[in-house]
Structures are given as C-alpha cells and as structure tokens.
Amino acid sequence: MRSFGDRNRLLSVVRNSATVGTYTYNAFGERIAKTATLPQAVNERYACDEGSQLLTEYGGMNRDYVWLDDLPVAVVDALAVRPGVAMSRNAKCAAARVSGGPLPPGCGSSVPVIRTLPAPARASSSWVPASDQFH
C-alpha cells in the first residue's frame, strides 16, 4: 500500500504490514531523502539546483548528474571500480557530430551533413565598396 501527502507526493510504501520505504521532500516538492528496506536496506539523499534539476545522489549510491541547460548529458558514478562518466546517447551523438567522427549506434543520420563552402572568388579590380556606390 502506498501513502501520499497533501501535494500528492509518495510518502511511504507498506508491504505485509511493514513499511518498506519512506520518502522526504523539501518545500519545493523535490525528493531529498529515501529510506528503503526491500530488496536491500538503503538510505539515499538527493540534492537539486535552483531549477529543480537533480545534481547528486549520495548514500548507498554516489552519483552526480551533469546538465547542459535542460538536457541531462552525463552521469558520474562514484561507486565504480574506477569512477567513470556515462554520457547520454544525445551527448555522444552531439560530440561525434562536432568532432566529425563516426556516429555511435542509434544516432541515425537525421541531421544533415554540413558541406564545406566553396572558396571565395578572387579579388578583382572591378570591386567597389558598398559605401562608395551611394553618394
């Protein structure tokens, strides 16, 4: 059974008469804590920026989120054997397009390839600056 607060936020989960999860929110309605007992005991804390974007999870899982405006582009997981950065598919596709490298699987070719412009014409003696044409 689930119970919800006044702002329709999940507050607790009960299974077989035992509370298996509780959730805490700040004044902005952002989840700032989770305590769960099933399938394993975990205490998580969350931090958001002023725009309510999730920045960090810490506790049983230590994870940072990287945003580009409103687009989440990477997750930095501190529990890995070697901390690593997992980029979202959109960020991988954008990086490949900018660098001119091969597109990773799933990027498709919906974005047109930018063609190089032809070299400018050689200067000629008949060229007149625009400011001299209107006297």
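If I go through region 13-37 residue by residue, how many of them are more than 28 Å from P72 (Cα to Cα) and in contact with a Lys or Arg (Cβ under 7 Å, 6 or more places away or on another chain)? Lay out the reasoning, then the answer.
The first filter runs over region 13-37 and keeps only residues more than 28 Å from P72 (Cα to Cα), leaving 13-20, 37.
Among the residues that remain, those that are also in contact with a Lys or Arg (Cβ under 7 Å, 6 or more places away or on another chain) are: 13.
So the answer is 1.
For G59, are the conditions met, namely being within 25 Å of V75 (Cβ to Cβ), exposed (fewer than 13 other Cβ atoms within 10 Å of the Cβ) and within 27 Å of the chain's Cα centre (by Cα)? Even if it seems obvious, please write down each step before you answer.
Working: within 25 Å of V75 (Cβ to Cβ): yes; exposed (fewer than 13 other Cβ atoms within 10 Å of the Cβ): no; within 27 Å of the chain's Cα centre (by Cα): yes.
So G59 does not fit the description; no.
Residues checked against (1) under 25 Å from R7 (Cβ atoms); (2) among the polar types (S, T, N, Q); (3) touching a residue at least 40 places away in the same chain (Cβ under 8 Å):
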site	(1), (2), (3)
Q40	no, yes, no
G51	yes, no, no
L55	yes, no, no
G59	yes, no, no
W67	yes, no, no
L71	no, no, no
A78	no, no, no
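Looking at A74, is it at pLDDT 85 or above, surrounded by 15 or more Cβ atoms within 10 Å (Cβ to Cβ), of a type in the set (G, A, S) and not assigned by TED's automatic domain parsing to the domain that holds N16? Step through it out loud before you land on a result.
On the way: at pLDDT 85 or above: yes; surrounded by 15 or more Cβ atoms within 10 Å (Cβ to Cβ): yes; of a type in the set (G, A, S): yes; not assigned by TED's automatic domain parsing to the domain that holds N16: yes.
Judged against the criteria, A74 is a match.
Among the aromatic types (F, W, Y), at negative phi and at pLDDT 90 or above, is that true of Y25?
Values: among the aromatic types (F, W, Y): yes; at negative phi: yes; at pLDDT 90 or above: yes.
The answer is yes for Y25.
The values are calculated or read from the model by the stated rules, or taken from the named source; none is laboratory data. Computed from a predicted model, the values in this text were never measured in an experiment. Cβ atoms come from the backbone with ideal geometry, glycine included; neighbour counts cover every protein chain shown.
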